[in-house]
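Notes follow the structure.
The values are calculated or read from the model by the stated rules, or taken from the named source; none is laboratory data. Model, not experiment: these values are computed from the prediction. As a convention, Cβ positions derive from the backbone with ideal geometry for all residues, glycine included, and neighbour counts pool all protein chains shown.
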Amino acid sequence: MMKKKKGKIAQVPSWLWMCLSLLAAMALWILIATSEAGGVIFAEPWEVVQTAVDKIRDGTLWGHVGISLFRVLTGFCIGFILSIPIAILMGWYTPFRKIVEPWIQFVRNIPPLAYIPLVITGAGVGEKAKVIVIFIASFLVMVVTIYQGVCNVDTTLIKAAKVLGAGSKDIFFQIVIPASTPFILVGARLGLSASLTTLIAAELTGASKGLGMMIQKAQGYYDMSTVLLGIIIIGVIGLVMEKFIRFLERRLTGWQETTGAQ
Amino acid sequence: MAGNNRRTVIKIDNVNKKYQTRKGEVLALSNVNMEIKENEFICVVGPSGCGKSTLLNMIAGLLEPTEGHIYVNDKEVEGTGPERGVVFQQYALFPWLTVLKNVEYAPKLQGLRGKALEEEAMKYLKMVELEQFASSYPKELSGGMKQRVAIARAYAAKPQVLLMDEPFGALDAQTRTQLQSELIETWEKEQKTCFFITHDVEEAIILATKVVIMSARPGRIKEIVDVDIPYPRTQETKMSPRFLEIKNHIWSEVYKEYLEVRK
Ligand SMILES: Nc1ncnc2c1ncn2[C@@H]1O[C@H](COP(=O)(O)OP(=O)(O)OP(=O)(O)O)[C@@H](O)[C@H]1O
Ligand SMILES: [Mg+2]
C-alpha cells in the first residue's frame, strides 16, 4: 500500500507539481484577502490582475519595469565585469589582497541604504546614483565569492599544467578561469539577488519611475493592489534571473564531481 | 641491458632543502647525492615525511633546492621542462576537459592541431586501453582509470623522464597490480627513465632496477639496492627466493627508519 502510493507520487510530473503549488498559493492568498484582518493588507487576486491590465493599457507598467530592469542589469553587469579581474588579482597578488580585502570586508557589512545619501550627493538624484548603489552592492558580494573560488583552485592542477608545459598565460586562461567558473556563477547568482534587493533602496533616492518607486507611491495612496503587483513582478524577475543562471551552471559546470556549486 | 656505461640523465649534487615554517626552519633533505642513468627505473621508499615528494618536486622544477644543484642532461634545473613529466597521486586531471582533451593538453601546447593532435592523443589513450572513454569526463571514471589517463597525459608530452609520486597509492590492490604490469610494459617499450615514489616495498621491487631507501627526517639517502631480478616480473616473482631476500632486507631497513620517526 505504502509502496504503491510512493510510486504514484514519483510519477506526478514536475510541471503538475508547479501548477498545484501555484493553485495552493492562490487559494491561500484568497483566503487571507477575504479574512477580516488580512483584507486590510491583501488585495484579492482579481484586483491585482485588474490593476495590471489597467497599467499595461495606459502604458505605465512597462515604463516602471523597463527602468528597474535597466538599473538592475546595468549595475550588476558593471559589478560582474569588474569583480572578476579584481577577485583574481586578489587571489594571485598578495600585496593587492592585503590592501584591498579589509576595505571590502568593511564595506560589505554596511547596508546599501546607509551610503545612499553619500552617493546622491556625489552623483545627483538621476540614474547614475541608482546604478552606482546597485553596482556597489552586487560587486561586493561577487568579488568575495569569486575571490574564494580563485583561492580554492587546486594547486595540483596548476602544477600539473606547468609540468605539461603551460606558461602563466595558459595557466590563467586554461586553469584558473575554468576552475573558478562554479564560483563565478554562484557569485553571479548572489550578485543578481543583491542587485534586486538593493533596487528598492536605490529607487528611494527620489525616482520618478521604477518598480520600487511604484510600490512606494502606491503605499501612500493605500493602493494595495499596486503594491502587490510590484512585489509579484519583482519576484518573477528574480525567479527568471535565477533560472537563467542555473541554466548556465548546468551548461558550464556539469563536469564537477559533486552536483551544484559549493 | 647495458651495464654502467649508460648516460646520466639526472644528477643530484649535494642537495639540501629547508622549509621556512611558523615554528622555524625545517630541514627536509640533507646532503642528497644521486645519479640516475638513462632508462633506469628508480623506486624511492622511506618513512612518511622523509622528503620523497620534496625531492621529486625539485627534480620536476616545482621547488628549488636550498643548497646544491640538480642537473638534467647536464643542464641545471630551472623550473619545469618538457623533458620531465609528472604523475601525481591525486591524478590531477582537469575535470572540465574530456579524457581526450586532457591527453591532448601537452601536444596542443607543443603546437599540434586538428587531426594530428587527436591521433596523437588517441595513440596514448590506446596505450592505456581507454580509447572508448575518450569523450567521458574524469568524474565518470574510476580511480584506476583516472590514473591511467594521467599516465597517458604525461606520456603524450613525450618526456624523457617520468616522475611519479605514489601514483597507485589510492588504488585497491588488484588495480594496483594491474597498473604496475602495464607501467613496466610501457617502460620497456618506450625506453623512459622513471623516478617512482612508493610506500609499498613489494611494489618498489617489482618495478625498479634500483630501490633508493631514504632515512627519517632530515631525509638522506641511506642505501641504494640493485634489484637484479630480470624482467618481465610477474606475480610469481614475488615468491622467488631472491625477491624475498631483497624484500626482507629493504623492509628491515625501512622499519628501522619508521622506529626512528616514532621516537
Ligand atoms: N610546504 C612546506 N612547508 C613546510 N614544511 C614542509 C612543506 N612541505 C613539506 N614539508 C616538510 O618537509 C618534510 C618532507 O615532506 P615530504 O612531503 O617531502 O615528505 P614525503 O617523504 O613525501 O612524505 P609522505 O610519504 O608522507 O608523502 C616533512 O617533514 C614536511 O613536514
Ligand atoms: Mg609525499
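Each residue in the stretch B:147-160 was checked for being farther than 11 Å from B:VAL103 by Cβ and within 11 Å of chain A (Cβ to nearest Cβ), and 2 of them qualify. Tally up the residues in the stretch B:65-87 that are within 17 Å of A:GLY167 (Cβ to Cβ) and more than 9 Å from chain A (Cβ to nearest Cβ), please. Number satisfying all stated conditions: 2.
Residues checked against (1) surrounded by 21 or more Cβ atoms within 10 Å (Cβ to Cβ); (2) more than 30 Å from B:PHE88 (Cα to Cα):
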{"site": "A:SER138", "(1), (2)": "yes, yes"}
{"site": "A:THR145", "(1), (2)": "yes, no"}
{"site": "A:ASP154", "(1), (2)": "no, no"}
{"site": "A:ILE171", "(1), (2)": "no, no"}
{"site": "A:PHE183", "(1), (2)": "yes, no"}
{"site": "A:ALA202", "(1), (2)": "yes, yes"}
{"site": "A:LEU229", "(1), (2)": "yes, yes"}
{"site": "A:LEU239", "(1), (2)": "no, yes"}
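Does the stretch B:209-237 hold any residues that are at pLDDT 90 or above, more than 13 Å from ligand 1 (Cβ to nearest atom) and in contact with a Leu (Cβ under 9 Å, 6 or more places away or on another chain), and which are they? Correct list: B:VAL227 only.
Six or more apart or on different chains, Cβ atoms under 6 Å: show the pairs whose first residue is in the stretch B:31-60 and of a type in the set (Gly, Ala, Ser) and whose second is near ligand 2 (Cβ under 10 Å from one of its atoms). Going by the 6 Å Cβ cut-off, the qualifying pairs are B:GLY46/B:LYS52; B:SER53/B:ASP165. Filtering the stretch B:157-192 to residues that are away from ligand 1 (no atom under 16 Å from the Cβ), touching a Phe, Trp or Tyr at 6+ places or on another chain (Cβ under 9 Å) and closer than 18 Å to B:THR209 by Cβ leaves B:VAL161, B:LEU162, B:GLN180, B:LEU183, B:ILE184, B:THR186, B:TRP187, B:GLU188, B:GLU190, B:LYS192. Summed over the stretch B:105-127, residues that are surrounded by fewer than 23 Cβ atoms within 10 Å (Cβ to Cβ) and either basic (Lys, Arg) or more than 10 Å from chain A (Cβ to nearest Cβ) (or both) total 15.
If the condition is being more than 9 Å from ligand 1 (Cβ to nearest atom), surrounded by 21 or more Cβ atoms within 10 Å (Cβ to Cβ) and over 18 Å from B:LEU207 (Cβ atoms), then the stretch B:24-41 contributes only B:VAL32. Considering the stretch A:155-220, the qualifying helices (runs of 4 or more DSSP H), each wholly inside and each with 1 or more residues that are closer than 29 Å to A:ASN109 by Cα and within 12 Å of chain B (Cβ to nearest Cβ), run over A:177-203. When A:PRO112, A:PRO117 are checked against the criterion of being free of Cβ contacts under 8 Å to residues at least 40 places away in the same chain and touching a Ser or Thr at 6+ places or on another chain (Cβ under 9 Å), a single residue qualifies: A:PRO117. Evaluated against (1) closer than 16 Å to A:SER225 by Cα; (2) in contact (Cβ under 8 Å) with a residue 24 or more places away in the chain, A:LEU69 falls short on exactly one condition, (1).
Conditions tested, residue by residue: (1) within 16 Å of ligand 2 (Cβ to nearest atom); (2) within 18 Å of the chain's Cα centre (by Cα); (3) loosely packed, with under 15 Cβ neighbours inside 10 Å.
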residue	(1), (2), (3)
B:ARG6	no, no, yes
B:VAL9	no, yes, no
B:LYS18	no, no, no
B:ARG22	no, no, yes
B:CYS43	yes, yes, no
B:GLU67	no, no, yes
B:GLU83	no, yes, no
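Taking the conditions (1) aliphatic (A, V, I, L, M); (2) crowded, with 22+ Cβ neighbours inside 10 Å; (3) within 12 Å of another protein chain (Cβ to nearest Cβ) in turn, B:ILE197 satisfies each one other than (3).
Could you check how many residues of the stretch A:104-154 are part of a helix (DSSP H, G or I) and within 30 Å of B:THR80 (Cα to Cα)?
6
If the condition is being more than 10 Å from chain B (Cβ to nearest Cβ), over 15 Å from the mean Cα position of the chain (by Cα) and within 21 Å of A:GLU257 (Cβ to Cβ), then the stretch A:140-154 contributes A:ILE146, A:GLN148, A:GLY149, A:VAL150, A:CYS151, A:ASN152, A:VAL153.
Taking the listed residues A:GLY124, A:GLY91, the one that is at positive phi and at pLDDT below 90 is A:GLY124, with no other qualifying.
Within the stretch B:202-210, is even one residue more than 29 Å from A:LEU164 (Cβ to Cβ), away from every other protein chain (no Cβ under 14 Å), touching a strand residue (DSSP E or B) at 6+ places or on another chain (Cβ under 6 Å) and buried (at least 21 other Cβ atoms within 10 Å of the Cβ)? Step through it out loud before you land on a result.
Start the filter on the stretch B:202-210 by keeping residues that are more than 29 Å from A:LEU164 (Cβ to Cβ), which leaves B:202, B:205.
Still in the running and away from every other protein chain (no Cβ under 14 Å): B:202, B:205.
Next cut, touching a strand residue (DSSP E or B) at 6+ places or on another chain (Cβ under 6 Å) only: none.
No - not one qualifying residue is present in the stretch B:202-210.
Of the residues making up the stretch B:45-65, those that are away from ligand 2 (no atom under 13 Å from the Cβ) and either in contact with a Gly (Cβ under 7 Å, 6 or more places away or on another chain) or β-branched (Val, Ile, Thr) (or both) are B:ILE59, B:GLY61.
Could you list, in sequence order, the residues of the stretch B:98-139 that are in contact (Cβ under 8 Å) with a residue 12 or more places away in the chain, assigned to a loop (DSSP other than H, G, I, E, B) and under 24 Å from B:ARG84 (Cβ atoms)? Hits for the stretch B:98-139 are B:GLN110, B:VAL128, B:LEU130. Looking only at the stretch A:78-106, residues that are free of Cβ contacts under 8 Å to residues at least 24 places away in the same chain and of a type in the set (Phe, Trp, Tyr) come to 4 in all. Without any contact (Cβ under 8 Å) to a residue 60 or more places away in the chain, of a type in the set (Asp, Glu) and more than 16 Å from A:MET224 (Cα to Cα): is that true of A:ASP58 in this structure? When the stated conditions are applied, A:ASP58 passes them. Return a yes/no flag: does the stretch B:189-200 have any residue that is modelled with pLDDT under 95, within 16 Å of ligand 2 (Cβ to nearest atom) and of a type in the set (Asp, Glu). For the stretch B:189-200, residues modelled with pLDDT under 95, within 16 Å of ligand 2 (Cβ to nearest atom) and of a type in the set (Asp, Glu): present.
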